[in-house]
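Notes follow the structure.
The values are calculated or read from the model by the stated rules, or taken from the named source; none is laboratory data. Everything numeric in this text was worked out from a predicted model, so none of it was measured. All Cβ positions, glycine included, derive from the backbone under ideal geometry; neighbour counts span all protein chains shown. Remember, those area values only see protein heavy atoms, side chains included, never the ligands or the DNA or RNA. Shrake-Rupley method; radii C 1.70, N 1.55, O 1.52, S 1.80 Å.
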Amino acid sequence: MGRMADAESIMSATSSGSYGMGGSSKSDTSTGKTLMVATAEDNLNSPEKAKNANISGYLMEHVNLSYQDLGHGYQRDNFLRILHRLLRSQHLQIMDNSLSDLSTVSLPGCTHLWLQRNFIDNFKKLPKIPNIKFLQLSENSIESLSGLRKALGKSSIEYLVLKGNPVELQENYRIEVFQTLPSLKILDGIPKLPSDEPPDPNASSSGQSAACIIS
């Protein structure tokens, strides 16, 4: 609970226009360890400054890089370089950044990822997140479940949000998502329901047999 509270404490929007991330000290009461909390208030356009801020992820367990101004190619490239360094960051917020493809990024330490309000249109464009537990993808542009198994099927994800994507209008959407992700417990804020299980073909055939007998 202590770690999740840390993630929530940096949920507030940071000022756009200041690009990059830096660090401020924060104590984790559950471990007594000093963490680095990254916000967009600290500009790390300078590679040397990034190096000095321990951007490798060893200290930066909770990182907020939301609401960045990535209108130019060099800004996007620099942003991706920063993401590549966050190998051990556990909670990462990159909301509202007009991101469309993170497939080259690997985040092996990430367990909680906030990626809502971007331009992701396919699960194949997600970063590699093998240890993900919580993934927020609402208000992107995902139209189908193609690639979902490859992207998340081997993970132990428990909480997924796809609300606001065209794919949620697909027939049997919830059934297919839960079938693809066996560890999933909550989809779009709603726990798995009996109706999210695929129909039992044996039950259907036995019902038909009973009807024949009655007639």
**Heavy-atom accessible surface of region 127-177: percent carbon and sulfur, 1.4 Å** = 47
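Suppose every Lys and Arg Cβ carries +1 and every Asp and Glu Cβ carries -1, with no other charges. What dipole size does region 140-200 come out with about its Cα centre, to the nearest 20 debye? Please list the in-between numbers first.
Details: 7 positive and 9 negative charges, 63 e Å.
About 300 debye.
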**Asked** Using alpha carbon centroids, what distance separates region 97-125 and region 127-148, in Å?
**Response** 7
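Taking 35 Å as R0, compute the FRET efficiency from the Cβ-Cβ separation of HIS72 and ASP188 and round it to 0.05.
0.55
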**Request:** Subtracting the Cα-Cα distance from 0.36 nm times the residue separation, let me have the gained length for SER195 to ARG81 in nm, one decimal.
**Result:** 36.7 nm
